[in-house]
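This report concerns only the one structure given below.
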Amino acid sequence: MTDRERSAPLAPVLVAAPLPAVTMAALERAFTVHCLWQGVADADLATVRGIAASTLAQGIGEDLFARCPALELIANFGVGYDNIDIAAAVRRGLVVTNTAGVLDEEVADLTLGLVLATLRRLPAAERFLRDGHWQHGSFPLSPSLRGRRVGIVGLGGIGKAVARRLHGFAVDIAWYGRTLQPEIGYRRAPSLLALAQDSDVLIVIVPGGPATRHMIDAPVLSALGPDGVLINVSRGSVVDEAALITALQQRTILAAGLDVFEREPHVPAALIACDNAVLLPHVGSASELTRQAMGQMMVDNLASWFAGRGPLTPVPETRHLLR
Ligand code: NAP
Ligand code: 8YV
């Protein structure tokens with residue numbers, strides 16, 4: 001930091017929802033912080049130049065932008081930014097950044113944990129022991145991961161980290177995404193439906209938002225078939241939850257492992273009642289190490305912007321604003 005930067009007034013930043021203590025402390029050291037959930041006067045909103053956003057905050061869109069006329073940058077705490085009205089941001093010339101890259105390995109670890117927990121029925125096995133049933137007999141045998149065909153929907157940063165881990169599990173790997181990736185050795189399916197048809201485990205890790213809403217629907221689940229397992233670590237909106245519940249209830253698929261839901265934190269009672277589903281409360285990146293790295297990346301994006309050095313990780317839709 002230069003002497004000029006050190007003596008400059010701290011840029012006003014609006015924090016949209018509570019963040020980890022270490023991130024809040026870093027924000028407070030670097031900026032004048034206003035916390036949206038505590039109520040912020042219009043006069044203070046009018047000074048705000050940056051928003052620290054997160055998936056926990058609703059309403060990062062036009063109404064809020066209109067109340068923040070000095071706004072320049074929205075830095076998201078998270079790689080997915082479907083929580084932000086990106087079209088409204090672009091219309092106003094606001095740059096948006098995310099935390100791409102720093103959470104790939106953590107989310108991929110969690111994904112493999114969820115795959116194994118779902119296939120080997122680890123939560124049910126643990127409940128069986130704790131409830132004292134082991135005294136009366138063995139836990140029922142489970143399906144295996146080994147030898148299965150695994151399809152990855154969305155071979156981006158996290159999808160590739162998942163694929164790297166799968167090498168150790170003696171499975172066949174294929175994928176589907178819209179863009180060809182000639183450097184990738186895995187087979188690319190010609191369509192999502194074709195991938196589902198040729199997979200025993202379908203792992204979904206695409207962005208949320210209108211373009212991917214309900215892309216995992218009844219026909220895709222039907223193509224996955226009665227021995228198929230769905231793993232969703234992307235966004236709840238990507239899966240038609242009602243169709244999934246029907247498929248689990250009627251056993252037209254074998255099982256599902258879900259870290260994300262359509263109306264978080266609400267999880268439908270019918271889904272909770274499915275004994276062939278493993279359900280996690282959106283914890284893909286939720287380790288101390290990774291959440292700290294995400295927070296630091298968000299703070300660094302804000303700091304770099306206010307120091308005139310530009311954003312570090314602008315999202316593709318707003319990169320043209322920097323030219
Ligand atoms: P990324 O690097 O941008 O990769 C996303 C991939 O999805 C790209 O390869 C993209 O390729 C593909 N894709 C996008 N739209 C698609 C479509 N309609 N059909 C098929 N493929 C499509 O993003 P990432 O870092 O891997 O993260 C992916 C998402 O995971 C995030 O946006 C977020 O929603 C979610 N996530 C969840 C957690 C959690 O805690 N559960 C944590 C982190 C991230 P093409 O554009 O070429 O199709
Ligand atoms: C977090 C995520 O749960 O990065 C994402 O897209 O979904 C997760 O890492 C979230 O960003 C925390 O607000």
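The values are calculated or read from the model by the stated rules, or taken from the named source; none is laboratory data. Keep in mind it's a predicted model, so treat the numbers as computed, not measured. Cβ sites come from the backbone with ideal geometry, for glycine too, and all protein chains shown count toward neighbours.
General remarks:
- Any hit, the range 113-121, residues being in contact (Cβ under 8 Å) with a residue 24 or more places away in the chain and within 16 Å of ligand 2 (Cβ to nearest atom): yes
- Flag if Leu289 is at pLDDT 95 or above, in a helix (DSSP H, G or I) and crowded, with 23+ Cβ neighbours inside 10 Å: no
- Per-region count, the range 129-150, residues charged (D, E, K, R) and either surrounded by 10 or more Cβ atoms within 10 Å (Cβ to Cβ) or within 19 Å of Ala174 (Cβ to Cβ) (or both): 3
- Members of the range 9-42 found to be under 17 Å from Ala57 (Cβ atoms), in a loop (DSSP other than H, G, I, E, B) and aliphatic (A, V, I, L, M), listed by number: Ala16, Ala17, Leu19, Val40
- Odd one out for Arg263 among (1) basic (Lys, Arg); (2) surrounded by fewer than 18 Cβ atoms within 10 Å (Cβ to Cβ); (3) within 24 Å of Gly156 (Cα to Cα): (3)
- Within the range 255-286, considering residues that are in a helix (DSSP H, G or I) and touching a residue at least 12 places away in the same chain (Cβ under 8 Å), the one farthest from ligand 2 (Cβ to nearest atom): Ala270
- Residues (over 22 Å from Asn276 (Cβ atoms) and touching a residue at least 12 places away in the same chain (Cβ under 8 Å)) located in the range 136-161: Gly154, Leu155, Gly156, Gly157, Ile158, Gly159, Lys160, Ala161
- If the condition is being in a strand (DSSP E or B) and away from ligand 2 (no atom under 16 Å from the Cβ), then the range 70-103 contributes Leu73, Val95.
- Some residue of the range 213-232 being within 16 Å of ligand 1 (Cβ to nearest atom), among the basic types (Lys, Arg), surrounded by fewer than 17 Cβ atoms within 10 Å (Cβ to Cβ) and closer than 16 Å to Gly154 by Cβ: yes
- Verdict on Thr32 being surrounded by 15 or more Cβ atoms within 10 Å (Cβ to Cβ) and either over 19 Å from Phe306 (Cβ atoms) or under 17 Å from the mean Cα position of the chain (by Cα) (or both): no
- Scanning the range 61-78 for residues that are among the aliphatic types (A, V, I, L, M) and in contact with a Phe, Trp or Tyr (Cβ under 9 Å, 6 or more places away or on another chain), we see that the one that is nearest to Ala46 (Cα to Cα) is Leu71.
- Any hit, the range 252-274, residues being among the small types (Gly, Ala, Ser) and touching a Phe, Trp or Tyr at 6+ places or on another chain (Cβ under 7 Å): no
- Test result for Ala53, part of a helix (DSSP H, G or I) and of a type in the set (Gly, Ala, Ser): no
- Selected residue (criterion: surrounded by the most Cβ atoms within 10 Å (Cβ to Cβ)) from residues of the range 175-191 that are within 13 Å of ligand 1 (Cβ to nearest atom) and either touching a residue at least 40 places away in the same chain (Cβ under 8 Å) or closer than 15 Å to Arg149 by Cβ (or both): Trp175
- Among the residues examined, Gly209 qualifies as within 16 Å of ligand 2 (Cβ to nearest atom), among the small types (Gly, Ala, Ser) and either at pLDDT 95 or above or buried (at least 18 other Cβ atoms within 10 Å of the Cβ) (or both).
- Filter result for the condition that a residue is within 16 Å of ligand 2 (Cβ to nearest atom), crowded, with 17+ Cβ neighbours inside 10 Å and without any contact (Cβ under 8 Å) to a residue 40 or more places away in the chain, over Val315, Val238: Val238
- The listed residue being touching a Lys or Arg at 6+ places or on another chain (Cβ under 8 Å) and either closer than 30 Å to Leu302 by Cβ or at pLDDT below 95 (or both), out of Gly80, Gly93, Gly101: Gly80
- When Thr118, Thr99 are checked against the criterion of being within 16 Å of ligand 1 (Cβ to nearest atom), closer than 24 Å to Val229 by Cβ and polar (S, T, N, Q), a single residue qualifies: Thr118.
- Remark: Thr111 matches the filter, which requires a residue to be buried (at least 18 other Cβ atoms within 10 Å of the Cβ) and polar (S, T, N, Q).
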